[in-house]
Amino acid sequence: MTTIPNGEVSASKFNTAFGRAGCGMKFYYRYIENIRGLTSASLLAGIAFDKATRAFHENLISGAPTHGSANEVFVDTWENPPDEHRDGEAIEYDLSDAPDDIIPRGLNALEQYVTQNNAMMPTDTQVFVEASFEETDAKLIGYVDVVEQIAPGRFAITDVKTSLSSRKKWTAEDAMRDPQLAIYAVLWQNQNPTETVEAVGWRHARLGGKVDVGATHVSAPEPTAIMQRVAYWMSELEQWCESGNFPATGLDKDSWVCSEKYCDYYHRCPFGSKSQKMIPIQIGGSK
């Protein structure tokens, strides 16, 4: 019997534990103690843009008009964000970093997105994917934002991304290393053995600074290497949850990622602010 919460692991859980700012304690607070951080303006803008582009993709699939409904979804989601998570827990927002003109920016980005992507051929949206493992009873799950046909029998697995940062870029190098894209590609391929995943990537929008919309795709990863890494991560999570020992810096042993910027639990964790003491020391000479 697995000790991993709910018996499920998602790409976001892997990222929390093993990503660039990953940390075992962050995983503990978020998924064992069920303590959520504040929902930022950037995250809410991402949710609104994701829902709006989903409406656009579904309109393309059905052949319906593609403009107005996406705009309405973005505005409605931003102005009327949900009060609760799916589990009924209240959502706390911190929208202090939201641009005053976030709605015009979002609609501008959507107009660009629709213009650039009218020729895309989505076949499905929010596709649920999962996999089981011999080493653990926990399942690996995820939702693919959009599956695109790029040629008969060949598909792209695409994730929709947004950012309020004026400097954010989505590079091919980042896409090649992104574990979520790789995991989703392998899981979708396993569920669709007669089809071929040829590419993975993002369709993205920068809403901060100069509004910019684009797409970044790379060749699909080699599945064996991906699943070996996933199996290793699953094993590590199982050990953490079974033992109750959550390492303070995840598996990123070559860097110290503990900071308020990257962690909602910095002031709660014993390895965070509580462990930081500034004691000036004068060594030799004089000031």
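The values are calculated or read from the model by the stated rules, or taken from the named source; none is laboratory data. Computed from a predicted structure; not experimentally measured. Don't worry about glycine lacking a Cβ; one is built from the backbone with ideal geometry, like all the others, and counts go over all protein chains shown. Remember, those area values only see protein heavy atoms, side chains included, never the ligands or the DNA or RNA. Shrake-Rupley method; radii C 1.70, N 1.55, O 1.52, S 1.80 Å.
The table below gives the values:
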read-out: Selected residue (criterion: farthest from residue 112 (Cα to Cα)) from residues of region 59-74 that are open to solvent by 70 Å² or more (accessible area, probe 1.4 Å) and part of a helix (DSSP H, G or I); value: 62
read-out: Lone unmet requirement of (1) within 23 Å of residue 127 (Cα to Cα); (2) buried (at least 17 other Cβ atoms within 10 Å of the Cβ); (3) touching an Asp or Glu at 6+ places or on another chain (Cβ under 9 Å) for residue 56; value: (3)
read-out: Filter result (modelled with pLDDT of 95 or more, within 23 Å of residue 36 (Cβ to Cβ) and aliphatic (A, V, I, L, M)) within region 87-131; value: 102
read-out: Complete set of residues in region 59-100 that are in contact (Cβ under 8 Å) with a residue 60 or more places away in the chain and farther than 22 Å from residue 127 by Cβ; value: 97, 98, 99
read-out: Within region 6-27, considering residues that are out of contact with any Phe, Trp or Tyr (no Cβ under 6 Å at 6 or more places or on another chain) and assigned to a loop (DSSP other than H, G, I, E, B), the one most open to solvent (accessible area, probe 1.4 Å); value: 20
read-out: Those residues of region 37-53 which are open to solvent by less than 70 Å² (accessible area, probe 1.4 Å) and touching a residue at least 60 places away in the same chain (Cβ under 8 Å), in sequence order; value: 37, 41, 42, 45, 46, 49, 50, 53
read-out: Some residue of region 110-125 being among the hydrophobic types (A, V, I, L, M, F, W, C), crowded, with 19+ Cβ neighbours inside 10 Å, under 25 Å from residue 73 (Cβ atoms) and in contact with a strand residue (DSSP E or B) (Cβ under 7 Å, 6 or more places away or on another chain); value: no
read-out: Which numbered condition residue 252 fails, given (1) charged (D, E, K, R); (2) in a helix (DSSP H, G or I); (3) modelled with pLDDT under 90; (4) under 23 Å from residue 182 (Cα atoms); value: (2)
read-out: Of residues in region 110-166 being among the aromatic types (Phe, Trp, Tyr) and in contact with a Phe, Trp or Tyr (Cβ under 9 Å, 6 or more places away or on another chain), the one farthest from residue 55 (Cα to Cα); value: 155
read-out: Meets criteria (in a helix (DSSP H, G or I) and open to solvent by 40 Å² or more (accessible area, probe 1.4 Å)) for residue 30; value: yes
read-out: Residue satisfying all of: in region 75-109; open to solvent by 90 Å² or more (accessible area, probe 1.4 Å) and not in a helix (DSSP H, G or I); nearest to residue 210 (Cα to Cα) among these; value: 100
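Listed here are the residues, each with its yes/no results for (1) open to solvent by 50 Å² or more (accessible area, probe 1.4 Å); (2) assigned to a loop (DSSP other than H, G, I, E, B).
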residue: 180; (1), (2): no, no
residue: 200; (1), (2): no, no
residue: 260; (1), (2): yes, yes
residue: 266; (1), (2): no, yes
residue: 277; (1), (2): yes, yes
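The rows are residues; the columns are (1) under 30 Å from residue 32 (Cα atoms); (2) of a type outside the set (Val, Ile, Thr).
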site	(1), (2)
189	no, yes
203	no, yes
218	no, no
238	yes, yes
